[in-house]
Number of protein chains: 2
Amino acid sequence: MYKFKGKEYPCCASLTMGLIGGKWKTVILYHLMVGGTLRYNELRKEMPTVTERTLSLQLKTLEEDGIVKRKVYTSKPPLKVEYSLTDFGKTLIPVVQSIADWGDFAIKEKQGVVV
Amino acid sequence: MYKFKGKEYPCCASLTMGLIGGKWKTVILYHLMVGGTLRYNELRKEMPTVTERTLSLQLKTLEEDGIVKRKVYTSKPPLKVEYSLTDFGKTLIPVVQSIADWGDFAIKEKQGVVV
DNA sequence: CGGAATCCCGGATGATACTG
DNA sequence: CAGTATCATCCGGGATTCCG
């Protein structure tokens, strides 16, 4: 049994999935990995099918887990907020990369389609 | 947009997560990766906190996705059923390995506890 | 611009009991 | 032994509206 930040996981793999699992987190991390630093609306542009609320919530939990860094540049509207990976978050790059690579591989291997 | 087996994904990373995401799939794959071929009850022993129903359902979808192979050895009770990775499933080994490795790394890096 | 508030649904997961 | 059946629950995620 693995305990991490107050939560329990039955396996080292499930710990990772607890932090970056779900429908959107790896997609966010992938784009931050490729794009470096991105503003909220730049992320939305990369992920047209996510809702604002969900993107917001996922970014918040990634921030709470120390994976993503949020930097605010203006105190009054219009706000400018930039997101990027923390040093700890950058240690996930090989993981996210292999997840992304396998997705590409599966598409080719099993005749998927890229539209 | 990526289309794979009738489903759509906004990113190559989310395709992978669609197949091996969720609370239990990577745990199953991890144990099959380490243990090779395992019977249903051997899997349960490795994963004491999963319910029979959930384990069963996850194995079934992994089988439908061509990742896990199910082999039945007896036609009458007591049944003997063995699970293992398919050749396609084995292509996931580097992915699952890096997910598991990062879990171990995070435990050490952030003072998690192994019980 | 970058969210927060509210309401809601459905699928994923769990508990328990039963069966070929 | 290896599941299935049934019912309950939980929470990720969506739709919409509003705010500093």
Is it the case that region A:18-30 has a residue that's open to solvent by less than 80 Å² (accessible area, probe 1.4 Å), without any contact (Cβ under 8 Å) to a residue 24 or more places away in the chain and within 13 Å of DNA strand C (Cβ to nearest atom)? yes
Specify which of the listed residues (A:ARG53, A:ARG70) is of a type outside the set (Ser, Thr, Tyr), farther than 24 Å from B:ILE93 by Cα and touching a helix residue (DSSP H, G or I) at 6+ places or on another chain (Cβ under 7 Å). A:ARG70
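Out of B:GLU52, B:GLU42, B:GLU82, report the one residue that is within 8 Å of DNA strand D (Cβ to nearest atom) and either within 10 Å of chain A (Cβ to nearest Cβ) or in contact (Cβ under 8 Å) with a residue 24 or more places away in the chain (or both).
Going through B:GLU52, B:GLU42, B:GLU82 in turn, the sole match is B:GLU82.
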For residues that are of a type in the set (Asp, Glu) and more than 16 Å from B:ARG70 (Cβ to Cβ), tally how many sit in region B:1-56. 2
Could you check how many residues of region B:31-57 are within 12 Å of DNA strand C (Cβ to nearest atom) and of a type in the set (A, V, I, L, M, F, W, C)? 4
Here the residues within region A:63-79 that are more than 14 Å from chain B (Cβ to nearest Cβ), under 30 Å from B:LYS108 (Cβ atoms) and more than 11 Å from DNA strand C (Cβ to nearest atom) are A:LYS69
Here are A:ARG70, A:ARG44: which of them is open to solvent by 70 Å² or more (accessible area, probe 1.4 Å) and under 17 Å from B:PRO10 (Cα atoms)? A:ARG44
For residues in region A:9-28 being within 17 Å of B:GLY103 (Cα to Cα) and more than 8 Å from chain B (Cβ to nearest Cβ), which is farthest from the chain's Cα centre (by Cα)? A:GLY18
Among the numbered criteria (1) within 16 Å of DNA strand D (Cβ to nearest atom); (2) more than 11 Å from the chain's Cα centre (by Cα), which one does B:ASP104 miss? (1)
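The values are calculated or read from the model by the stated rules, or taken from the named source; none is laboratory data. None of the values given here were measured: they were computed from a predicted structure. Every residue, glycine as well, gets a Cβ built from its backbone with ideal geometry; the counts of neighbours run over all protein chains shown. These accessible areas exclude ligands, DNA and RNA; they are computed on the full protein's heavy atoms, side chains included. Shrake-Rupley method; radii C 1.70, N 1.55, O 1.52, S 1.80 Å.
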